1. Could you check, for region 114-136, whether at least one of its residues is in the same structural domain as V22 (by TED's automatic domain parsing), touching a residue at least 60 places away in the same chain (Cβ under 8 Å) and part of a helix (DSSP H, G or I)?
2. Determine, yes or no, whether P270 is modelled with pLDDT of 85 or more and not in a helix (DSSP H, G or I).
3. Quick check on V68: is it aliphatic (A, V, I, L, M), more than 30 Å from Q172 (Cβ to Cβ) and modelled with pLDDT under 85?
4. Just one of (1) surrounded by 15 or more Cβ atoms within 10 Å (Cβ to Cβ); (2) among the aliphatic types (A, V, I, L, M); (3) out of contact with any Leu (no Cβ under 6 Å at 6 or more places or on another chain); (4) closer than 30 Å to V188 by Cβ trips up A111, so point out which.
5. Quick check, is G226 among the small types (G, A, S) and more than 30 Å from M171 (Cβ to Cβ)?
6. So which pairs qualify, if the first residue must be in region 139-155 and under 16 Å from T208 (Cβ atoms), the second must be surrounded by fewer than 14 Cβ atoms within 10 Å (Cβ to Cβ) and at pLDDT below 85, the Cβ gap must be under 9 Å, and the two must be at least 6 apart or on different chains?
7. Residue under question is I120, and the condition is that it be within 21 Å of the chain's Cα centre (by Cα) and surrounded by fewer than 17 Cβ atoms within 10 Å (Cβ to Cβ); does it hold?
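The values are calculated or read from the model by the stated rules, or taken from the named source; none is laboratory data. In this text, all values refer to a predicted model and were calculated from it rather than measured experimentally. Glycine gets a Cβ as well: all are built from the backbone with ideal geometry, and neighbour counts include every protein chain shown.
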Amino acid sequence: MGSYILRRLLWIPITVVLISIVVFLLVRFLPGNVIDILISQLQPSAGQMTVTRAEIAHSLGLDVPVYVQYGRWISNIFVHGSLGNSLMGNQPILPSIEAALPVTAELGILAIIISIIISIPIGVYSAIRQDTIQDYIWRGLSVVLISVPAFWIGTMIVIYPSIWWGWSPPMQLIPFAKDPIGNIGMFVLPAAVLGITMTGGTMRMTRTMMLEVLRQDYIRTAWAKGLKERVVVIRHAMRNALIPVITIIGMQIPMVIGGSVIIEQLFNLPGLGRLMLTALQERDYPTISGINLFVAVFVIIINILVDLSYGWLDPRIHYQ
């Protein structure tokens, strides 16, 4: 296993560099640019422009070829450990990410916990009660949850309670250190919206894998030995059935980060998603690239941890 982990770790820098090149180049193809935005902001206040486009481009470092800009950016990361400064406010990007990360992390962790708590027990129950009325109900519900987007559920939750009952979710961030109960209470609703949309796929995968495992010979042997249903399902069947489910959950983590863009905007949460949306609107290339690079490294590490969890769930798996 040690050699396997070492090989995976050695591939991380190569993967990160390739991702950074793609991200750095793609954001340059967005319509409009930061210079136009800055000029539009300077005109109303200045009345008459005192700086030219060339001067703004030079001050932002955008007057050189793209490959030179990339070389400066990536060397700044490896040499100084800095993601640079934003183009709009000239503020360091890393502190902004560090400030927004706890919000997105708490939202994502709660969403995944809610998804697991709902989907895995229901998927297991639906499998052991195959083709019953309860199974058809849960299967239908899973299709509905897969089909309904998170932004629609979030919008309905924000709009209709305020119209019918005059209630709306808290829109001001409550720090955990100041009020832990209030902080968790604030995050439960957006996390539930984000988690419920992931529940359908996990539920169906859990049911499918449980059905496959329950047909195995060793499960029939366990039933023939007279073991209780709880023992057969939890001790013998679930452990093997959860391997593909863990893979699905690991793949959902990037979806959580992507879905948080809309959820954080709906519920006014100052997380990475909202920071990314603001950077896209302002064409703040270094901030966009920095957030994408940070998320890419995080997803790569999560994928490695998911792969390593297979050996813990099934001792028969060996890494080469």
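1. Residues of region 114-136 in the same structural domain as V22 (by TED's automatic domain parsing): none.
No, every residue in region 114-136 fails to be in the same structural domain as V22 (by TED's automatic domain parsing), touching a residue at least 60 places away in the same chain (Cβ under 8 Å) and part of a helix (DSSP H, G or I).
2. Working: modelled with pLDDT of 85 or more: yes; not in a helix (DSSP H, G or I): yes.
Yes; evaluated as a whole, the condition is true for this residue.
3. Working: aliphatic (A, V, I, L, M): yes; more than 30 Å from Q172 (Cβ to Cβ): yes; modelled with pLDDT under 85: no.
Criteria not met by V68.
4. Result: A111 fails condition (3) only.
5. Numbers: among the small types (G, A, S): yes; more than 30 Å from M171 (Cβ to Cβ): yes.
Answer is yes for this residue.
6. From residues that are under 16 Å from T208 (Cβ atoms), there are no pairs.
7. Details: within 21 Å of the chain's Cα centre (by Cα): yes; surrounded by fewer than 17 Cβ atoms within 10 Å (Cβ to Cβ): no.
Answer is no for this residue.
Listed here are the residues, each with its yes/no results for (1) of a type outside the set (A, V, I, L, M, F, W, C); (2) assigned by TED's automatic domain parsing to the domain that holds V256; (3) surrounded by fewer than 13 Cβ atoms within 10 Å (Cβ to Cβ).
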residue	(1), (2), (3)
G154	yes, yes, no
P180	yes, yes, yes
L189	no, yes, no
I196	no, yes, no
G201	yes, yes, no
M210	no, yes, no
R215	yes, yes, yes
R220	yes, yes, yes
